[in-house]
Number of protein chains: 2
Amino acid sequence: MPSKPNPVLVEITRGKLVESQHRGAVVVCDAKGRVKLALGDIVSPVYPRSAFKMLQALPLVESGAADAFRLTPQELSLACASHSGEPFHVKAAASMLKKIGCKTDDLACGPHLPLGSKAAEAMLRARGTPTKLHNNCSGKHAGFLCCAVHAGASIKGYERVGHIVQKAARKAIGEMCGIAPASMPVGIDGCAAPNFAMPLKALATGFARLADPLRLSDGRQAAIARLMSAVTTHPLYESGTGREDAVVMADALPGTMTKVGAEGVMAAAIPALGLGVAVKVDDGAGRGAGTAMAALLVKLGALPARSKAAKAFVNVAVTNWRGDLCGVNRAGAALEAL
Amino acid sequence: MPSKPNPVLVEITRGKLVESQHRGAVVVCDAKGRVKLALGDIVSPVYPRSAFKMLQALPLVESGAADAFRLTPQELSLACASHSGEPFHVKAAASMLKKIGCKTDDLACGPHLPLGSKAAEAMLRARGTPTKLHNNCSGKHAGFLCCAVHAGASIKGYERVGHIVQKAARKAIGEMCGIAPASMPVGIDGCAAPNFAMPLKALATGFARLADPLRLSDGRQAAIARLMSAVTTHPLYESGTGREDAVVMADALPGTMTKVGAEGVMAAAIPALGLGVAVKVDDGAGRGAGTAMAALLVKLGALPARSKAAKAFVNVAVTNWRGDLCGVNRAGAALEAL
């Protein structure tokens, strides 16, 4: 957490008053880790949560596991996803498990209702029950299992911080973000996998290197190219119908990849600009991170101000249950002035 | 919004780090409006949202409407409720409408899935569709309609700020909170009724007068006694199964009434201490207001530290989808030091 209060990134109005506000930090870096734009504390450690799933997936490609099991681009996108639990997501996760001879119960993530509200409603109306495949992280976990099977390691305990699969992920994350892997504080994520805290500027640097990998090893460049292509060609597999990542990737500069994380985190890699972006809202609100990221992408010229995505996620209408306009969710003055 | 950053009321940990935090203000007042305890900005206007529903319901009793239509204590509790949309809530709202010859469609609030997650799941599994009766504010709106019918006024537009029903509510709120009704900024609430902003200490004062009404008129004292008795005898009608208000009222000092509001508001009236309490979390997070209020009630001696309610809402475990402990949602140092 910041040692002093971060600036207000986003405010929510009702009538003529600001009813609520979200403080936090934002940072834009290049692949050398140089800070191009910043607001707030970008050095205290924050958990990227699901925002860095593409970094966690690098060993899946680099180890040869993705090739060995003939993973499709859709499946690679799912390995980087916080998916909505729509039928096509569940099918892709099941396909990954089938390719490695694993079962749903081998996944270490717990079951939860689909993250997508329509998918959740459809499941309940059909009187269905969520399985581990519906967990928004099931693709990431299936990817971890692919790595374990490919390495000939035990699949039991693949989610533990000492397992070779997690060690490989931690190493790749540290290299990409420019920090010693062992120096990153460890937390348990919502899906039971370890998560590694780092300064927000390190997360932005890692994403800048996804956007501009030319100084990295050939193997890493190839893995990044494959994952970035998979996600940006199949953004719905990395996210879900109507959700910000999918909607923004459809309208942003070609090749742009964005990824939401729990507790108010969001990150973006913009190859056309060679930049990485990271946002953390102090209070953990997704509505804050979503608006801050969309406003930043517009400011950077990575998202057209008149695009459908900008209209959906910058200046978001706050309505009541019968649809009247009550207020707006918008970028605060400090973010606007960046 | 506060002119300078409010203190951290609540923090959410993961592993050894604080992952997210909630800033805000809290205040404890007596019935004369004297501040007994305070943290943060208690003078800038905030919308109480649903927290002040009992104040909005005062005219329902004072006008004689509640008597004329023989409203039961359960129905009066529902008039002060943000209910969970469980079957008994819906039945009570329908009963209120029947008593005044109104129909579900006369309610101005829009339909939404039950606020209670189990009630929502049950509705979807039964392939049901939410009606306006399921809106968490349907009891408040049915109460407004009772007032309109009793006054012989038009029921159409009863939710508009200029309607006599809303004027009466605004007058009662102003009197209780010690502010000129016309001076309160107006916003449209999630249920389409007007909401009136006020300093947080005014909200706490209004609740202190619910707790200690002896200096008020006989008619108001009688109305408060009736509503306080209705809610504290039937807390499930004012809230819902397992929700904080119902759970806290079951364990707190006899007669204590608490009420949640949207966007991080919570208020409490403690007759045994003659005090009112109000909390507003700047970022609007209910998890922040809930923990702050529970911690405050324990601090004030209004809730036993070893009660089921305190265990449920102070130091709340943060778990992942398979149930592992990942962190804790707890009061911050500033609140602990109060």
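The values are calculated or read from the model by the stated rules, or taken from the named source; none is laboratory data. Since the model is a prediction, treat every value here as computed from it, not as a measurement. Counting neighbours? That spans all protein chains shown, and the Cβs are built from the backbone with ideal geometry, glycine included.
Here is the figure for the range B:35-50: residues that are part of a loop (DSSP other than H, G, I, E, B) and at negative phi total 6.
Any residue at all in the range B:125-147 that's in a loop (DSSP other than H, G, I, E, B), within 21 Å of the chain's Cα centre (by Cα), in contact (Cβ under 8 Å) with a residue 40 or more places away in the chain and closer than 20 Å to B:R70 by Cα? Within the range B:125-147, not a single residue is in a loop (DSSP other than H, G, I, E, B), within 21 Å of the chain's Cα centre (by Cα), in contact (Cβ under 8 Å) with a residue 40 or more places away in the chain and closer than 20 Å to B:R70 by Cα. Among the residues of the range B:314-328, the ones that are in a loop (DSSP other than H, G, I, E, B) and either under 22 Å from B:L9 (Cα atoms) or away from chain A (no Cβ under 14 Å) (or both) come to 2 in all. Taking first residues from the range B:79-95 that are part of a loop (DSSP other than H, G, I, E, B) and partners that are aromatic (F, W, Y), the Cβ contacts under 7 Å between residues at least 6 apart in sequence or on separate chains come to B:A81/B:Y237; B:H83/B:Y237.
Figure legend. Inter-residue proximity from the range B:50-72: first residues at pLDDT below 95, second residues among the acidic types (D, E), beta-carbon distance below 6 Å, spacing 6+ or different chains. No pairs are indicated. For the range B:58-96, a residue qualifies if it is hydroxyl-bearing (S, T, Y) and in contact with a strand residue (DSSP E or B) (Cβ under 8 Å, 6 or more places away or on another chain), and exactly one does: B:S82.
Looking across the range B:171-195, the residues that are free of Cβ contacts under 8 Å to residues at least 40 places away in the same chain and small (G, A, S) come down to B:G174, B:A180, B:A182, B:S183. Restricting A:G261, A:G274, A:G242, A:G286 to residues that are among the small types (G, A, S) and crowded, with 24+ Cβ neighbours inside 10 Å narrows the list to A:G261.
Between B:G143, B:G174, the distinction of being touching a Leu at 6+ places or on another chain (Cβ under 7 Å) and crowded, with 19+ Cβ neighbours inside 10 Å belongs to B:G143 only.
Test each condition in (1) farther than 30 Å from A:L113 by Cβ; (2) in contact with a helix residue (DSSP H, G or I) (Cβ under 6 Å, 6 or more places away or on another chain); (3) within 14 Å of chain A (Cβ to nearest Cβ) for B:A57 and report the one that comes out false. Going through (1) farther than 30 Å from A:L113 by Cβ; (2) in contact with a helix residue (DSSP H, G or I) (Cβ under 6 Å, 6 or more places away or on another chain); (3) within 14 Å of chain A (Cβ to nearest Cβ) one by one, B:A57 breaks only (3). Scanning the range B:167-217 for residues that are touching a helix residue (DSSP H, G or I) at 6+ places or on another chain (Cβ under 6 Å), in a helix (DSSP H, G or I) and not hydrophobic (A, V, I, L, M, F, W, C) yields B:R170, B:K171, B:G174, B:P181, B:T205, B:G206, B:R209.
Checking each residue in the range A:156-166 for being of a type in the set (A, V, I, L, M, F, W, C) and either crowded, with 20+ Cβ neighbours inside 10 Å or in a loop (DSSP other than H, G, I, E, B) (or both) picks out A:V161, A:V165. Do we have A:D189 as within 14 Å of chain B (Cβ to nearest Cβ), more than 17 Å from A:L97 (Cβ to Cβ), among the charged types (D, E, K, R) and surrounded by 20 or more Cβ atoms within 10 Å (Cβ to Cβ) here? It is true that A:D189 is within 14 Å of chain B (Cβ to nearest Cβ), more than 17 Å from A:L97 (Cβ to Cβ), among the charged types (D, E, K, R) and surrounded by 20 or more Cβ atoms within 10 Å (Cβ to Cβ).
Among the residues in the range B:17-34, are any in a loop (DSSP other than H, G, I, E, B) and over 30 Å from B:F144 (Cα atoms)? The answer is yes, given that some residue of the range B:17-34 is in a loop (DSSP other than H, G, I, E, B) and over 30 Å from B:F144 (Cα atoms). Do we have A:C80 as surrounded by 20 or more Cβ atoms within 10 Å (Cβ to Cβ), more than 12 Å from every other protein chain (Cβ to nearest Cβ) and touching a Phe, Trp or Tyr at 6+ places or on another chain (Cβ under 6 Å) here? Spelling it out, it is not the case that A:C80 is surrounded by 20 or more Cβ atoms within 10 Å (Cβ to Cβ), more than 12 Å from every other protein chain (Cβ to nearest Cβ) and touching a Phe, Trp or Tyr at 6+ places or on another chain (Cβ under 6 Å).
Scanning the range B:28-64 for residues that are acidic (D, E) and farther than 19 Å from B:K171 by Cβ yields a total of 2. For A:S229, the conditions (1) within 30 Å of B:L113 (Cβ to Cβ); (2) at pLDDT 95 or above; (3) polar (S, T, N, Q) all hold with the exception of (1). If B:I12 passes every condition in (1) part of a loop (DSSP other than H, G, I, E, B); (2) modelled with pLDDT of 95 or more but one, which one does it miss? Against the list (1) part of a loop (DSSP other than H, G, I, E, B); (2) modelled with pLDDT of 95 or more, B:I12 comes up short only on (1).
Looking at this structure, is A:C146 touching a helix residue (DSSP H, G or I) at 6+ places or on another chain (Cβ under 6 Å), on the phi < 0 side of the Ramachandran plot and not basic (K, R)? In short, yes. One residue stands out in the range B:124-139 among those that are more than 7 Å from chain A (Cβ to nearest Cβ) and more than 21 Å from B:E238 (Cβ to Cβ): the one that is surrounded by the most Cβ atoms within 10 Å (Cβ to Cβ), namely B:G128.
The set of residues in the range A:91-115 that are more than 14 Å from chain B (Cβ to nearest Cβ) and surrounded by 21 or more Cβ atoms within 10 Å (Cβ to Cβ) comprises A:A92, A:A93, A:M96, A:L97.
Residue count for the range B:11-54 under the criterion of being within 14 Å of chain A (Cβ to nearest Cβ), farther than 30 Å from A:N320 by Cα and among the basic types (K, R): the result is 2.
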